[in-house]
Amino acid sequence: MTEQEQIAPWSRPHWHAGNERALVHFYVFGKFAPELAIPTTRYGNASLPAGVKLERFQNAVLRQWDGYPLFGELGATLRGDSPETFADARNAPEVLVLRGELEDAGTLDYLRHTLGVLAALLDIGATSILDPQMLRLFSAAEWREHYLVKGGAPLRNHVLILLDPDVERPGRSWVRTRGMRKFARPDISITNIPKGEVDRAGMLCERLVELEALGARLEPGQALEVDGLPAGLVAQPGGDMADPHFNNTHVSLRWPD
């Protein structure tokens with residue numbers, strides 16, 4: 001989405017209704033005028049969807065909260081990834097918190113409109129934006145480059161894909177996602193990946209992210225065909241929101257031995 005571009009409906013052609021709820025959650029650091037006038041007309045008249053609230057805090061006050069996102073393990077991760085942006089966020093006078101849970105829907109308009117509001121906030125004093133679901137703190141320039149893309153940012157840009165060792169199978173790898181709660185869908189977990197198959201597993205993960213974001217569901221026991229794997233992979237949905245690797249439910253897929 002670029003300035004002056006109208007926000008077209010973001011359809012989900014594979015959508016089937018479910019019981020999950022989408023989570024929209026961002027922290028916006030900066031300094032804002034006393035009267036918050038958000039220039040959303042620059043971004044297709046974007047507006048926060050019903051159910052998403054914007055709250056304004058002094059950063060010094062929010063730092064007293066036990067869940068302050070720049071403290072603890074998340075804070076250490078963000079500082080290590082981008083020390084300069086982290087310092088700017090830590091020293092910003094104010095924080096705007098956007099958060100809401102929404103019913104699973106047949107379009108992603110709620111997300112596109114939220115992103116339009118975030119882009120508009122960058123024009124009136126925001127200096128960085130934290131997406132805690134992706135474990136990423138964006139500078140203003142990084143956010144614009146990542147999301148202000150003509151026609152909308154690729155779905156892959158809304159999710160973090162991680163590569164870790166598979167602790168249960170030494171020498172094998174684990175590919176997983178974070179951020180699929182934005183789409184009211186479980187995250188993806190692919191384990192037992194041989195060294196030579198990591199790239200293919202990563203591409204499969206990206207494809208599943210796209211399918212789920214567009215509304216698809218992976219059912220228990222559903223077989224997924226993968227070129228070169230005669231047995232394919234079998235989807236096993238499970239997990240819960242308390243799992244720190246995802247903060248979401250997830251679909252497990254195990255690469256064959």
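The values are calculated or read from the model by the stated rules, or taken from the named source; none is laboratory data. Worth saying up front: this structure is predicted, and the values here are computed from it rather than measured. Glycine gets a Cβ as well: all are built from the backbone with ideal geometry, and neighbour counts include every protein chain shown.
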**Request:** Working only within segment 22-55, note down all residues that are within 20 Å of residue 99 (Cβ to Cβ) and in a loop (DSSP other than H, G, I, E, B).
**Result:** 32, 36, 38, 46, 47, 48, 49, 50, 51, 52
**Message:** within 18 Å of residue 40 (Cα to Cα) and either within 13 Å of the chain's Cα centre (by Cα) or surrounded by fewer than 17 Cβ atoms within 10 Å (Cβ to Cβ) (or both): is that true of residue 111 in this structure?
**Reply:** yes
**Request:** Have a look at 235, 223 and point out the one that is assigned by TED's automatic domain parsing to the domain that holds residue 165, at pLDDT 95 or above and of a type in the set (A, V, I, L, M).
**Result:** 235
**Item:** Conditions (1) in contact with a Phe, Trp or Tyr (Cβ under 9 Å, 6 or more places away or on another chain); (2) of a type in the set (Asp, Glu); (3) part of a loop (DSSP other than H, G, I, E, B); number of the one not met by residue 88
**Value:** (3)
**Request:** Can you tell me which residue among 160, 118, 218 is more than 19 Å from residue 89 (Cβ to Cβ) and in contact with a Leu (Cβ under 9 Å, 6 or more places away or on another chain)?
**Result:** 218
**Prompt:** Can you tell me which residue in segment 240-257 is surrounded by the fewest Cβ atoms within 10 Å (Cβ to Cβ), limited to those that are over 18 Å from the mean Cα position of the chain (by Cα) and part of a loop (DSSP other than H, G, I, E, B)?
**Reply:** 257
**Asked** With 96, 118, 74 as the choices, which residue is in a helix (DSSP H, G or I), crowded, with 19+ Cβ neighbours inside 10 Å and in contact (Cβ under 8 Å) with a residue 60 or more places away in the chain?
**Response** 118
**Prompt:** Looking at segment 160-233, what strands (runs of 3 or more DSSP E) fall wholly within it and have at least 2 residues that are in contact with a strand residue (DSSP E or B) (Cβ under 7 Å, 6 or more places away or on another chain) and either under 17 Å from residue 14 (Cβ atoms) or of a type in the set (Asp, Glu) (or both)?
**Reply:** 187-193, 223-226
